[in-house]
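A.B. asks: Questions regarding the structure given below will be posed in turn.
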Amino acid sequence: MELRVLRYFLGVADTGSMTGAARALHVTQPTLSRQLQELEEELGQKLFVRGSHSVTLTPEGMLLRKRAEEILDMVRKTETEFGSLGETVAGEVHIGGGETEAMRQIARLIRELQQEYPQLRFHLYSGNAEDVTERLDKGLLDFGLLIQPVDIARYHSLELPERDVWGVIMRKDSPLAGKSAITREDLNGVPLICSRQVMRRISQENAYAEWFGENHGQLNVTATYNLIYNAALLVEEGVGYAITLDKLVDVTGHSELCFRPLAPKVESGVNIVWKKHQLFSRAAELFLDRLRRHLAAGPAET
């Protein structure tokens, strides 16, 4: 399986057209069609459903699309790492993470490093813990920023000093908006919009699960989310109350919304993690060294 053919495959998958892909890839359509047919024969799977004017991916084709994107991302990452070897401090650092105010500290560190080393480039990937750790394990990310509760035992980690506070985003005209904090009893029967990651981990032993208690299965969860921006739109439209972390939605910019913390207070720690036995690029090593120095007075590395 050649990288060139994978690029051809992605070109067709992205455009949905043999003609359009051939034009964009600067190859003839017969050449493109022959290469993809040979790829299907090599894999023993049909990758496309060919129509008169367009092509669509089969389930096997959708799987290959995901793998091809990961393979080519890794190739680009490797080429960049080797291209940055030399006396000049340059290169790329790939960081994934969930939505958290702790990212502000990472942003300040990035600004500091780029002021000293203008040829450094940073790439951020947003996703929940499952998304981030999958890419981390495949080597597509150098570091992951994970919000507790999440299992980090298989990684090296540093704990960041920030603590995220859990609460509820709601419309200002909702019945609960007049309260200064939200109790478990307040949420009985009301439509809730919850993080999928937390819902999967709510049966485990953690502060979030303890707050909801043994009857968490009786919650009226009407929708779930993995990133809060779209969930906030659901709240604006009156779908329900979103349980989330503070400072992720600018409630001052959303005149209809407000945030109320949970009571008793529930907080989540944040860890930056990386694979054990990781071989870092010079750029990633520099980032980690500077981060350690910034956190020297904080919690010890695990």
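Every number here is computed from the coordinates shown, using simple stated rules; none is lab data. Everything numeric here is computed off the predicted structure, so don't read it as measured data. Glycine gets a Cβ as well: all are built from the backbone with ideal geometry, and neighbour counts include every protein chain shown.
A.B. asks: Once label points are set 7 Å from the Cα along Cα→Cβ at both residue 277 and residue 42, what is their separation, rounded to one decimal in nm?
C.D. replies: Between residue 277 and residue 42, the label points sit 2.9 nm apart.
A.B. asks: Read through the labelled values (1) 45; (2) 22; (3) 27 and report the label of the one computed as percent of Cα pairs over 32 Å apart from the structure.
C.D. replies: (1)
A.B. asks: Treating the angle as unsigned and between 0 and 90°, give the value, to the nearest 10°, between the Cα long axis of helix 103-116 and the longest Cα principal axis of the chain.
C.D. replies: 50 degrees
A.B. asks: If you fit an axis through the alpha-carbon atoms of helix 59-83 and take the longest principal axis of the Cα set of the chain, what angle between them do you get, 0 to 90°, nearest 10?
C.D. replies: Once rounded, one gets 90 degrees.
A.B. asks: Over 18 Å between Cα atoms, which of 66/275; 138/275; 77/275; 247/275 qualify?
C.D. replies: The answer is 66/275; 247/275.
A.B. asks: Still on this structure: Percentage of Cα-Cα pair distances in the stretch 3-80 greater than 17 Å, rounded to whole percent?
C.D. replies: Summing the P(r) of the stretch 3-80 above 17 Å gives 41 percent of all pairs.
A.B. asks: Report the gain in length on full extension from residue 199 to residue 239: 0.36 nm times residue separation, minus Cα-Cα distance, nm rounded to one decimal.
C.D. replies: Taking residue 199 through residue 239 to full extension adds about 12.6 nm, to one decimal.
A.B. asks: Relative to the longest principal axis of the chain, what angle (0 to 90°, nearest 10) does the C-alpha long axis of helix 3-15 take?
C.D. replies: Taking the Cα atoms of the chain, the angle to 3-15 is about 60 degrees.
A.B. asks: If each of residue 210 and residue 289 carries a label point 7 Å out from its Cα toward its Cβ, how far apart are those two points in nm?
C.D. replies: Each label point lies 7 Å from its Cα, and together they span 4.0 nm.
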